[in-house]
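Have a look at the structure below, then the notes.
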Amino acid sequence: MPSALSPRRELWLLITLAGIQFTNILDFMIMMPLGPALTVLFQISDAQFGMLVSAYTLAAGASGLAASTYIDRFDRKRLLMVLYGLFALSTLACGLAPTYGTLMVARIAAGIFGGVLSALSQTIVGDVIPYERRGRAMGVVMTSFSVSTVAGVPLGLFLAAHFGWHLPFILIAVLSVLFMVFAQISMPVLKDHVAAQVHTSSWSRIRDVIVDRNHQRAFVFSALLMFAGFTVIPYITIYMQTNVGMRADQIPYIYLCGGVATLLSARMVGRLADGWGKFKTFRVMAAVVLVPMLAITQLGQVPMALVLLISTLFFVCMSGRMIPGMAMLTSAANPALRGTFMTLNSAVQSAAMGLAALVGGYIISRDSAGLVQNYGWAAVVGGCASLLTIVVGARLQLHQPAGPASK
């Protein structure tokens with residue numbers, strides 16, 4: 001554990017990591033609503049556009065596996081600066097891509113560096129922030145998802161509509177450079193873990209991570225954590241427009257309301273996790289999320305106010321699971337192997353997200369009128385995964401300063 005940071009510098013570090021996560025998440029999310037424009041511009045099919053979206057996630061998963069061989073051998077700060085710089089260049093390349101082929105290559109590159117950035121940011125939180133404040137810290141970092149939903153995606157769509165699809169990616173690259181400066185100022189040198197790796201090979205560290213029974217349970221927990229949400233989330237927009245009857249220009253209100261609510265709730269959930277207990281908080285949120293998850297897949301032609309109420313509760317509860325859940329994951333890792341664990345975990349999460357979306361896609365179908373059918377069953381599958389996280393999470397041993405202890 002590095003020397004304790006002052007409260008002010010610790011806060012700036014967390015804000016910087018949240019900014020890095022913001023640009024990373026926004027780079028992934030902004031692609032999906034750009035589908036209509038890109039399919040027309042490049043004259044590609046929906047399947048080919050789907051490949052652009054999935055290329056990022058698949059590349060992130062592969063890079064997580066590769067990074068597990070080297071991430072614990074370098075100073076965290078130096079590695080983050082290099083990877084984040086390459087991510088910024090890849091995102092800039094997306095904005096300048098003239099053809100479908102070059103955009104695909106740029107998306108793969110962005111996924112390779114973005115996937116490792118996510119794991120590295122979470123690892124730094126585990127390295128720097130003491131256990132007793134880690135839930136609150138994770139709440140600050142994970143507000144990045146809410147901010148990207150509230151401000152990033154709507155603003156990106158506005159800029160794309162008025163100035164072309166290139167501009168959002170170029171601005172993400174510019175923001176990345178800004179947060180690189182903040183990282184250089186706020187982040188301490190983090191290389192205490194390197195000394196422990198001098199006499200071990202990369203493959204031996206990977207083996208040490210994989211054979212650890214607590215790590216095995218943590219990977220299962222992590223996979224279920226992501227699987228639970230992504231059987232439902234990718235199809236919300238389709239369902240709202242076809243079955244609920246919302247117009248395309250009304251859809252952003254779902255993400256705006258959900259994002260604002262999670263932005264407000266994230267830090268409260270983080271404080272609750274630190275004060276009441278990370279697993280206790282997680283257990284409640286993982287059970288409560290079943291209500292809005294099932295409800296959002298059963299909506300018919302109902303008032304928009306009811307849609308926004310249920311969808312906002314869904315986003316708040318989903319975020320409420322992730323905050324203590326990720327704090328548990330960073331604490332379940334052996335501190336000496338945390339970097340390797342978190343990079344492998346990023347690959348596990350990417351695979352779980354892809355598998356969940358695939359399962360959800362196979363479950364739902366369309367009737368003769370084009371309405372989505374069986375969406376509720378996708379929620380049932382996701383709900384079962386959420387309940388299983390409670391069972392697996394109860395068996396995790398969390399590393400605290402004095403060793404594994406109660407949760």
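The values are calculated or read from the model by the stated rules, or taken from the named source; none is laboratory data. Values in this document were obtained by computation on a predicted structure and should not be read as measured data. Neighbour counts run over all protein chains shown; Cβ positions are idealised from the backbone, glycine included. The accessibility values were calculated without ligands, DNA or RNA, using every heavy atom of the protein model including side chains. Shrake-Rupley method; radii C 1.70, N 1.55, O 1.52, S 1.80 Å.
The residue pairs whose first member lies in segment 155-178 and is of a type in the set (S, T, N, Q), whose second member is in a helix (DSSP H, G or I), and whose beta carbons are closer than 6 Å, counting only pairs six or more residues apart or on different chains, are Ser176/Thr23; Ser176/Ala88. Quick check on my filter: what residues within segment 209-226 are buried (at least 23 other Cβ atoms within 10 Å of the Cβ) and in contact with a Leu (Cβ under 7 Å, 6 or more places away or on another chain)? Answer for segment 209-226, where residues must be buried (at least 23 other Cβ atoms within 10 Å of the Cβ) and in contact with a Leu (Cβ under 7 Å, 6 or more places away or on another chain): Val209, Ala218, Phe221, Ser222, Leu224. Just wondering, is there one or more residues in segment 27-39 that are in a helix (DSSP H, G or I), at pLDDT 75 or above, open to solvent by 10 Å² or more (accessible area, probe 1.4 Å) and not aromatic (Phe, Trp, Tyr)? Yes: segment 27-39 contains one or more residues that are in a helix (DSSP H, G or I), at pLDDT 75 or above, open to solvent by 10 Å² or more (accessible area, probe 1.4 Å) and not aromatic (Phe, Trp, Tyr). Could you please find all residues in segment 254-282 being within 26 Å of Asn374 (Cβ to Cβ) and open to solvent by 40 Å² or more (accessible area, probe 1.4 Å)? Selection gives Tyr255 alone. Listed conditions (1) open to solvent by 10 Å² or more (accessible area, probe 1.4 Å); (2) within 21 Å of Ala356 (Cβ to Cβ); (3) at pLDDT 85 or above; (4) aromatic (Phe, Trp, Tyr) are all met by Tyr235, apart from (3). Within segment 270-291, residues that are in contact (Cβ under 8 Å) with a residue 60 or more places away in the chain and closer than 17 Å to His399 by Cα have Cβ atoms under 8 Å from residues that are among the hydroxyl-bearing types (Ser, Thr, Tyr) and open to solvent by 20 Å² or more (accessible area, probe 1.4 Å) in these pairs: Gly277/Ser406, counting only partners at least 6 apart in sequence or on another chain.
Does any residue of segment 66-73 turn out to be open to solvent by 50 Å² or more (accessible area, probe 1.4 Å), part of a helix (DSSP H, G or I) and among the acidic types (Asp, Glu)?
Narrowing segment 66-73 to residues open to solvent by 50 Å² or more (accessible area, probe 1.4 Å): 66, 70, 73.
Those left that are additionally part of a helix (DSSP H, G or I): 66, 73.
From what's left, among the acidic types (Asp, Glu): none.
Checked against the condition, which is being open to solvent by 50 Å² or more (accessible area, probe 1.4 Å), part of a helix (DSSP H, G or I) and among the acidic types (Asp, Glu), segment 66-73 yields no hits at all.
Each row is one residue, and each column tells you yes or no for (1) modelled with pLDDT under 75; (2) within 19 Å of the chain's Cα centre (by Cα); (3) surrounded by fewer than 17 Cβ atoms within 10 Å (Cβ to Cβ); (4) not β-branched (Val, Ile, Thr).
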residue	(1), (2), (3), (4)
Leu11	no, no, yes, yes
Gly19	no, yes, no, yes
Phe22	no, yes, no, yes
Phe49	yes, no, no, yes
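Among the conditions (1) more than 18 Å from Val380 (Cβ to Cβ); (2) touching a residue at least 60 places away in the same chain (Cβ under 8 Å), Thr237 misses just one, which is (2).
Could you please find all residues in segment 375-389 being open to solvent by 30 Å² or more (accessible area, probe 1.4 Å) and touching a residue at least 12 places away in the same chain (Cβ under 8 Å)? Before the answer, list the steps.
Here is the first cut: in segment 375-389, the ones open to solvent by 30 Å² or more (accessible area, probe 1.4 Å) are 377, 380-381, 384, 387-388.
Within segment 375-389, Trp377, Val380, Val381, Leu387, Leu388 meet the criteria.
Taking segment 303-357 as the range and being β-branched (Val, Ile, Thr), closer than 22 Å to Arg205 by Cβ and open to solvent by less than 10 Å² (accessible area, probe 1.4 Å) as the test, the residues that pass are Thr330, Thr340, Thr343. The set of residues from segment 283-305 being under 17 Å from Tyr375 (Cβ atoms) and in a helix (DSSP H, G or I) comprises Leu290, Val291, Pro292, Met293, Leu294, Ala295, Ile296. Would you say Met318 is under 24 Å from Leu58 (Cβ atoms) and modelled with pLDDT of 85 or more? Here the answer is yes, as Met318 does meet what is asked.
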